[in-house]
Every structure is written in C-alpha cells, then in structure tokens.
Amino acid sequence: PNQLRWKPFDIPKEPTDWVDGLRTVAGAGDPRVRSGLSIHVFVCNTAMKDKAFYSSDGDLLIVPQQGNLDITTEMGRMLVKPNQICVIQQGIRFSVNVNGATRGYVLEVFNNHFVLPDLGPIGANGLANPRDFLTPVAWFEDRQADFKIVSKYQGHLFVAEQDHSPFDVVAWHGNYAPYKYDLANFCTVNSVSFDHMDPSIFTVLTCPSAKPGTATADFVIFPPRWSVAENTFRPPYYHRNCMSEFMGLILGRYEAKESGFNPGGATLHSMMTPHGPDADCFEQWTNKELGPIKVAEGTQAFMFETSFQLALTKWGEETCKKIDEEYFQCWQRLEKHFKI
C-alpha cells in the first residue's frame, strides 16, 4: 500500500453539528467482537441543539484541531481547546457546542479503555502525569424538550427520541467518567547522549491489546522539546515497522515534513510500508551544526499508532477528495550517499 497524505479536511459552510460532521477515515476489526478501532474526523460549525450522542462500540479519544469544544456529558461539562484532548467512554451520552468553524480527529477503540503507559525504568514521574487529567464537576439540567439521542452501534447510527434532557444526573461517583488533558503538560523524555529514540517515549495514552506488549492503539504526540543527541541524524530515521501510523497536525509545522503536511490534514503509513523525513528535512539535518536545539516550537503533531492493519473507508479514500496524489514526490530527491 502507498504512503498516504490528506490535505486539510473541508469545514462545511452549511449548518453542520458535531454528529452530522463526523466521518470515518479508516479502521480495523469489528465492534461486534470487541476488537479493533476506528479513526474519524469531524468538521462542524453549529451546536448539537437538543441532541446527544453516545458510542455503543467503544471509547472515544477526541482531538480538537480548530475551534473549542464545549462538551456537556452526563457527568458534567468540559471545555476542550486545541492542544487539549478528552476521552469519553463507551455509553456515556454527550453533546457538543461549538462557536464557528471547528475541526478535529477522533480515535475510537473497541476492546479496552485508554490507560497511562507503564513507565518502567523512567520511574514515578514523566510523560503524562496522572495529576494533570481533569474530570468534570457534576452538573445537571432539569429541562423538558424534544431530545434526539444518537447511538453509534456496530458502526451505524440509530436515533431515539425522548421528552427531556439526558443531562439530568445530579451526582456521580467512581472512576468511569470522561476526562480532559492539556498536551502542554506532557513531560518529555528523550536521549541526552546519542541515537533517535523510538516514538513510544512520547505516548500520552495507550489502549492495550490482548497480546502483551502490543497496543490496540497508542496516542503519541511530538511536542516542543530540546534535541541534544550527538553524532546522530536527529529526525525520525527511515524505517518500516510492524505498526500502522496515522498522523495528524494540530498546529505549526511537523519537523520531519515542514511542507505539504498541514494542520487539519493527515498521513497514513501502513504496516511495513517504508517512510521517513522528506528530502528537505534530510538535507537540513544532515548539514546542520549539532548542538542543543529546540525543535517543534509552536507545533503539535500527533500519531494514532496501532498494531492492527488499517483499511480505508470509501469516504477516506474517494469521497472526501483530499488525498494528495503527489505525496510520494517528497522523497524523490533523496540521493544515494553510501560509497564503498
């Protein structure tokens, strides 16, 4: 399969709420057997008026890229801004209010919940610290209205109607509750001697699979950080691997591909398909004088990485009309430098 890049997904001009603007790009597995995941994008410009949504299929990790998400859930309310994320678990009803053009990404997992990665030798602190995750304060409304409840079930949408708001839960306890996290709080770990480290060191949340040591999905970010490795090609090296990598860009310019990969767009590098920095990045970092360098300033790229092979939907491959047919050109100017 070819390397794929999507140009930024269009935000509609006609009134479109979060549910109506939700589109599935790729996925693997099947929610009916509780195994796999889906990757969605959303583009919207108006609130979900007297309307709520929940997924019967799995947990949702929501990444706004443009515009704030004012989310009302059964447990309370969350304001989620770009460079923040939230997780809303399976079955929890919620409604999204937006103010103007809004766009973002969603990772849905079928077989487990998102958890913090095991830190191993890193120790007690680092990466995403538990103290920085925020859950809503209980909030409710007692309101009569013709409400539509939209359920995502086995990949299809079903609608039920009721005569009152579903957000009438006056109190809650326990730990099955939605939460938000500010990506600016991520404590980065990196090499301080030599070599480019595996991007797993940038894992914010992971959804473990049934196979120990592998993930249904990892949510990984590439935040501003210091780069100090000596005698090293510091950007990601050229590689093939046993994971599928779906990347998005929240803001700025991703250091390995500063042109063509734009905020609101995406890339997909499938399992065992070779990929790496473009020719411009290779030239710059090969010839750059190495020293302590701050990279990715003003930038936030992320990756949905999975041990599953991803298949595209018809919308992701054709209907959206956003695939960049010239993506492969970014590597064509790479030259052979090995000499005997």
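Structure notes:
- Qualifying residue in segment 45-62 (condition: over 19 Å from the mean Cα position of the chain (by Cα), within 30 Å of S209 (Cβ to Cβ) and of a type in the set (K, R)): no
- In segment 126-156, residue farthest from I221 (Cα to Cα) [restricted to those that are of a type in the set (S, T, N, Q) and touching a strand residue (DSSP E or B) at 6+ places or on another chain (Cβ under 7 Å)]: Q144
- Counting only residues that are in contact with a His (Cβ under 8 Å, 6 or more places away or on another chain) and open to solvent by 20 Å² or more (accessible area, probe 1.4 Å), segment 5-58 holds 3 of them.
- Pairs, first under 19 Å from V228 (Cα atoms) in segment 273-294, second surrounded by 11 or more Cβ atoms within 10 Å (Cβ to Cβ) and of a type in the set (S, T, Y), C-beta under 9 Å, six or more apart: P277/Y237; P277/Y238; F282/Y238; L290/S227; L290/T232; P292/S227; I293/S227; K294/S227
- Test: residue in segment 102-113 that is part of a helix (DSSP H, G or I) and modelled with pLDDT of 95 or more: no
- Selection status of A184, more than 29 Å from L312 (Cβ to Cβ) and in contact with a His (Cβ under 8 Å, 6 or more places away or on another chain): no
- Sub-7 Å Cβ pairs linking a first residue in segment 228-241 that is in contact (Cβ under 8 Å) with a residue 12 or more places away in the chain to a second residue that is open to solvent by less than 20 Å² (accessible area, probe 1.4 Å) and not in a loop (DSSP other than H, G, I, E, B), at least 6 apart or interchain, are R234/S227; P235/C281, ordered by first then second residue.
- Selected residue (only one of P166, P178, P199 is at pLDDT below 95 and in contact with a strand residue (DSSP E or B) (Cβ under 8 Å, 6 or more places away or on another chain)): P199
- The residues listed here are N99, N83, N111; of these, the one that is out of contact with any helix residue (DSSP H, G or I) (no Cβ under 9 Å at 6 or more places or on another chain) and either surrounded by 21 or more Cβ atoms within 10 Å (Cβ to Cβ) or not aliphatic (A, V, I, L, M) (or both) is N99.
- For segment 127-141, a residue qualifies if it is in a loop (DSSP other than H, G, I, E, B) and either open to solvent by 60 Å² or more (accessible area, probe 1.4 Å) or modelled with pLDDT of 95 or more (or both), and the qualifying residues are A128, N129, F133, T135, P136, V137, W139, F140, E141.
- Any hit, segment 268-277, residues being open to solvent by 40 Å² or more (accessible area, probe 1.4 Å) and either within 22 Å of P64 (Cα to Cα) or not hydrophobic (A, V, I, L, M, F, W, C) (or both): yes
The values are calculated or read from the model by the stated rules, or taken from the named source; none is laboratory data. Source: prediction; values computed, not measured. Glycine gets a Cβ as well: all are built from the backbone with ideal geometry, and neighbour counts include every protein chain shown. Quick note on the areas: whole protein, heavy atoms, side chains included, nothing else; ligands and nucleic acids left out. Shrake-Rupley method; radii C 1.70, N 1.55, O 1.52, S 1.80 Å.
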